[in-house]
Every structure is written in structure tokens, then in C-alpha cells.
1. Which one is farthest from the chain's Cα centre (by Cα) among residues in segment 161-180 that are surrounded by 24 or more Cβ atoms within 10 Å (Cβ to Cβ) and more than 17 Å from residue 225 (Cα to Cα)?
2. Can you pull out the residues in segment 68-117 that are within 16 Å of the ligand (Cβ to nearest atom) and small (Gly, Ala, Ser)?
3. Does residue 236 meet the test of being among the aliphatic types (A, V, I, L, M), modelled with pLDDT of 95 or more and surrounded by fewer than 19 Cβ atoms within 10 Å (Cβ to Cβ)?
4. Go through segment 107-142 and count every residue that is of a type in the set (Gly, Ala, Ser), within 19 Å of residue 223 (Cα to Cα) and either crowded, with 18+ Cβ neighbours inside 10 Å or modelled with pLDDT of 95 or more (or both).
5. Given (1) among the small types (Gly, Ala, Ser); (2) within 12 Å of residue 125 (Cβ to Cβ); (3) within 12 Å of the ligand (Cβ to nearest atom), identify the lone condition not met by residue 154.
6. For segment 290-322, which residues satisfy the criterion of being more than 21 Å from residue 74 (Cβ to Cβ) and surrounded by fewer than 22 Cβ atoms within 10 Å (Cβ to Cβ)?
7. Please go through segment 182-209 and give me each residue that is under 23 Å from residue 161 (Cα atoms) and within 13 Å of the ligand (Cβ to nearest atom), ordered by number.
Amino acid sequence: MTGPAYPVSRPRRLRRTAALRRLASQVSVDPTDLVLPVFVKEGIEAPVPIESMPGVVQHTRESARKAVAEAAQAGVGGVILFGIPAVKDARGSAADDPDGIVQRALGDAVAEVGESIVVMADLCLDEYTDHGHCGLLTASGDVDNDATLERYAAIAIAQASAGAQVVGPSGMMDGQVAAIRDALDSNGFSDVAIMAYSAKYASSFYGPFRDAAECAPQFGDRASYQQDPARAAAEAVEEARLDVAEGADIVMIKPAIGYLDVVRAVRESVGVPVAAYNVSGEYSMLEAAAANGWIDRDRAIREMVISIKRAGADIVLTYWATELAARLR
Ligand code: PBG
């Protein structure tokens with residue numbers, strides 16, 4: 001007789017060899033589930049490294065185009081573009097300027113990859129306003145919800161005109177999905193989809209992104225429009241349902257890692273695909289630990305993304321999208 005001299009439990013039996021573990025695995029990451037965020041900045045001659053996000057850069061138009069082509073080559077599902085304009089003002093004028101940086105970069109991306117992967121645009125004002133808030137401000141410095149919706153509608157049309165196949169409103173204004181759906185439909189873009197950042201928490205884990213997109217609020221914070229991490233997942237479910245009722249095609253939860261319960265709850269409550277944003281702080285934290293030799297980088301990345309999928313995300317936005325997709329092929 002070979003084999004162990006003790007009774008092996010059922011769960012353990014399927015862990016014995018790599019082949020058994022592969023056979024029994026229930027969650028996988030497909031390259032096409034991944035979306036790469038791309039930062040493109042106006043008026044720079046060469047890519048600018050983002051210190052707090054080692055390996056991520058602010059792209060020139062040319063290097064953004066290359067990054068999009070590489071992502072497509074690696075088999076990712078899509079890219080989402082963030083623009084950083086040379087000039088910012090109170091109303092974020094560059095956001096819906098047909099010659100604005102993100103519109104130009106969208107045109108470049110579509111010229112490069114067509115419809116072979118999904119080309120998306122983040123739809124918000126914080127990268128474009130000089131005050132760094134996600135909307136227009138009232139005289140007293142509060143975000144003016146309804147005036148902001150008019151800006152979002154104009155941005156949606158500009159992004160769709162530039163070739164965006166999906167727009168991703170990330171400002172957490174009430175009624176933003178309905179306003180954008182209406183604007184798209186009445187301007188001949190009823191085929192452009194909306195990926196709503198439905199459950200977006202006021203999180204410290206966006207810190208490095210604010211370096212990347214140069215959009216830290218110049219006063220105050222986003223706590224009056226983004227969600228409180230101390231609220232239960234039911235609030236996120238309500239937000240997601242509202243967005244679906246307003247016309248969202250995909251709902252998103254953000255950040256991902258600390259909010260896996262929210263991902264699960266939303267997945268069980270809506271019929272549309274659920275995306276989760278593996279945000280900048282999650283990226284930087286892991287990269288910093290890896291750079292110090294404190295963690296096995298490749299395994300940790302895989303584990304992080306698998307965990308997000310296991311929680312129920314259909315789509316994962318991650319700065320590792322291209323690398324991971326290439327590794328998975
Ligand atoms: C807002 C926006 C933010 C992120 C994506 N869209 C920043 C914020 O709300 O402050 C954060 C993404 C990340 O941290 O990776 N346009």
C-alpha cells in the first residue's frame with residue numbers, strides 16, 4: 001500500500017497536486033475581464049512617471065496610443081482614458097472641448113484599435129477644474145448637483161463624438177446616469193453604453209491617482225458626494241439599483257479590495273455586469289511592499305485580482321491589466 005497512513009479529508013484530497021487544484025478551481029481571470037486605466041496629459045514631450053505609482057506614467061498622446069495598442073495586443077477587454085488638460089478652470093472647459101486632450105486621445109485610441117477592444121472614457125470634472133472638485137461650485141463652495149449634470153451631458157456628447165464606446169461617470173452626482181443617457185440618446189448616441197461608478201466611497205486609496213490625474217481637491221474633500229466607508233453594503237445596492245433604473249449598462253464599485261462585501265451584495269442585486277476598480281492606492285501599496293522585498297509581487301497581484309473576481313466582479317479595472325493579460329495568455 002502506498003499513500004498516506006492517515007485518512008485524508010475531502011477538501012484536502014483536491015489540493016494534493018497542481019493538476020487537481022487546477023481542475024477544482026472555480027474562479028479564473030480572463031484577460032477580457034480586465035480594463036486598463038490610461039492617463040494622458042496635454043502639453044508634455046515625453047511620458048512622466050508617477051512617483052506614487054511605480055510603473056505607471058502620464059502619457060503623451062503618442063505613448064498613450066502605444067499603451068492602448070499594447071493592451072489590445074495582450075488581449076485586455078478594454079481601456080479607460082483619463083485626460084489631464086494643460087489649462088484648468090472653474091467649469092472644467094477642457095472636458096467637453098472637441099480638441100480637449102481626452103477627446104484627442106480617444107480619437108487616437110479608436111484609430112489604433114477600432115472596436116477590437118472597448119474604448120472607454122472616464123466622465124468627470126475633477127481632472128479639469130482648477131478647484132479639483134467633481135462638479136461646478138456654488139458661491140458658497142458647495143458642489144451644485146444640477147448645474148453639474150448639464151456639464152456631464154455635454155462631456156458625454158463630446159466623448160461619444162470622439163469615439164468612446166462606453167462613458168464612465170465617476171462624479172457621484174444624483175441623476176448623472178439619467179442626464180447622460182438622455183443626452184446621448186437625443187444626440188444620436190443611443191448605442192454608447194454607460195458604466196456608472198455607482199458605489200464610490202470617499203476613500204484614502206485614491207491618493208496616488210490624484211497625483212496621476214493632478215486632481216486633489218484644493219479645499220475640503222469629497223465626503224459630501226462620495227459614500228461613507230462606514231455605511232453597510234445595502235446603501236451601495238440602493239445606489240446601484242438607482243443607476244440601473246436610470247439606464248446604467250454596467251455598475252461599478254470602487255475601491256475594490258476593502259469593499260468585496262459590497263461587490264458581492266451588488267452582484268446579487270442587479271442583472272447588469274458588475275465592475276470593480278482596483279484603485280491606485282491598492283496598486284501602490286502592493287508595489288511598495290514588493291519593491292521592499294516584503295511580498296511576492298506576481299503572486300500577490302494574481303491573488304488580489306482573483307479575490308475581486310471571487311467576490312463577484314465581472315470586470316476589473318486595474319493598472320496591471322496589460323501585464324496580467326499577457327501573463328494569462
Ligand atoms: C474621479 C476619479 C477618481 C478615481 C477615478 N475617477 C478620483 C477621485 O474620486 O478622487 C480614482 C481611481 C484610482 O484611485 O485609481 N474622476
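The values are calculated or read from the model by the stated rules, or taken from the named source; none is laboratory data. Quantities reported herein were computed from a predicted structural model and do not represent experimental measurements. With ideal geometry, Cβ positions are generated from the backbone for all residues, glycine too; neighbour counts draw on all protein chains shown.
1. Checked segment 161-180; the qualifying residue farthest from the chain's Cα centre (by Cα) is 180.
2. Across segment 68-117, the qualifying residues are 78, 83, 92, 94, 95, 100, 105.
3. no
4. Residues meeting the conditions: 2.
5. (3)
6. Pass one, segment 290-322, residues more than 21 Å from residue 74 (Cβ to Cβ): 291-296, 307, 310-312.
Those that are more than 21 Å from residue 74 (Cβ to Cβ) and surrounded by fewer than 22 Cβ atoms within 10 Å (Cβ to Cβ): 291, 292, 293, 294, 295, 296, 307, 310, 312.
7. Initial filter on segment 182-209 (under 23 Å from residue 161 (Cα atoms)): 182-197.
195, 196, 197, listed by residue number.
Listed here are the residues, each with its yes/no results for (1) at negative phi; (2) of a type in the set (Val, Ile, Thr).
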residue	(1), (2)
55	no, no
65	yes, no
76	yes, yes
95	yes, no
107	yes, no
121	yes, no
124	yes, no
133	yes, no
